[in-house]
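Structure, as structure tokens:
The values are calculated or read from the model by the stated rules, or taken from the named source; none is laboratory data. Keep in mind that what you see is a predicted model, and the values were worked out from it rather than measured. With ideal geometry, Cβ positions are generated from the backbone for all residues, glycine too; neighbour counts draw on all protein chains shown. When the accessible area is computed, the model is the full protein with side chains, heavy atoms only, and any ligands, DNA or RNA have been set aside. Shrake-Rupley method; radii C 1.70, N 1.55, O 1.52, S 1.80 Å.
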Amino acid sequence: LAIPTDTPAPNVDPAAHAAAVVHIATALIGAAGGGIFVLFTSHREVKAAGAALRAAALDRRFPLLIHGEEPRDIQLTRFRESGRAVLLGTASFWEGVDVPGQALRGLLIAKLPFRVPTEPITAARCEAIAAAGGDAFAEYMVPHASLRLKQGFGRLIRSATDRGVVIVADSRLVTKPYGPALLDSLPPAPRVVGPWAEIADRVRAFYEGV
């Protein structure tokens with residue numbers, strides 16, 4: 001589990017964060033030779049990252065599957081059969097997706113999966129908690145993000161023999177007070193926390209040793 005500390009926070013500089021995610025994704029894909037899921041929290045982010053990777057001609061080197069361009073089942077079949085594909089997904093790809101073995105050997109989570117506060121259901125639940133004197137962020141937003149993060153992490157490790165790298169490109173995981181609660185929800189794994197340049201070296205070494 002790798003957490004870059006110098007990635008711009010998505011809630012502070014979304015454009016810089018998006019560019020950093022594409023940069024990290026490109027490095028991870030190259031180190032692993034494909035077999036990568038990149039999980040986002042919105043379709044807009046998926047489309048933007050897909051366009052950036054295509055502009056960099058990554059789709060000429062690896063099969064690039066972008067959520068929404070084909071039915072999910074077809075994309076999963078293509079991913080499993082390829083063994084070196086790259087899938088950019090959101091929503092339904094965070095859970096209920098089973099790709100055991102070497103076909104999926106790396107996972108990049110673009111940012112922490114917090115609900116959008118302005119979504120009607122989320123806003124209503126937060127208002128109800130606040131009206132009852134509670135803390136909506138601590139009692140609702142963080143637990144939901146914790147569950148989704150655990151579900152996303154679980155896409156990579158599907159059996160006792162699966163191995164791989166999970167990168168969470170959101171420094172808030174180690175800089176915010178709620179970070180430890182999110183980390184504690186994840187399965188045990190060696191953790192690498194530091195600047196991306198140092199993590200990139202560790203990631204390359206990991207795949208060279210697999």
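If the cut-off is 28 Å between C-alpha atoms, which lysines fall inside it for Lys47, apart from same-chain ones fewer than 8 positions away? Cα-Cα hits under 28 Å: Lys111, Lys150. Surface exposure of the range 16-106, expressed per residue as accessible area with a 1.4 Å probe, stands at 42 Å².
When only the heavy atoms of the protein chains count and the probe is 1.4 Å, how do Lys47, Lys176, Lys150, Lys111 rank by accessible area, highest first? Numbers along the way, then the final one.
Working: Lys47 140, Lys176 85, Lys150 110, Lys111 50 Å².
I get Lys47, Lys150, Lys176, Lys111, largest accessible area first.
The residue among Ala48, Ala123, Val174 whose Cα reaches farthest toward the positive pole of the charge dipole of the chain, with charges on the beta-carbon of Lys, Arg, Asp and Glu, is Ala48. With angles folded into 0 to 90 degrees, how steeply does helix 72-82 sit against the dominant principal axis of the chain? Use alpha carbons for both and round to 10. Computed tilt is about 40 degrees.
For the chain, which whole percent of the accessible surface, found with a 1.4 angstrom probe, sits on carbon and sulfur atoms?
56 percent
Per-residue extension of 0.36 nm, minus the Cα-Cα distance of Asp135 and Leu147, leaves a gain of 2.5 nm for this segment. For the set Ile129, Ile66, solvent exposure ranked by accessible area (probe 1.4 Å, protein chains only) runs largest to smallest as Ile129, Ile66. Accessible surface of Arg172, taken over heavy atoms with a 1.4 Å probe and every protein chain present, rounds to 30 Å².
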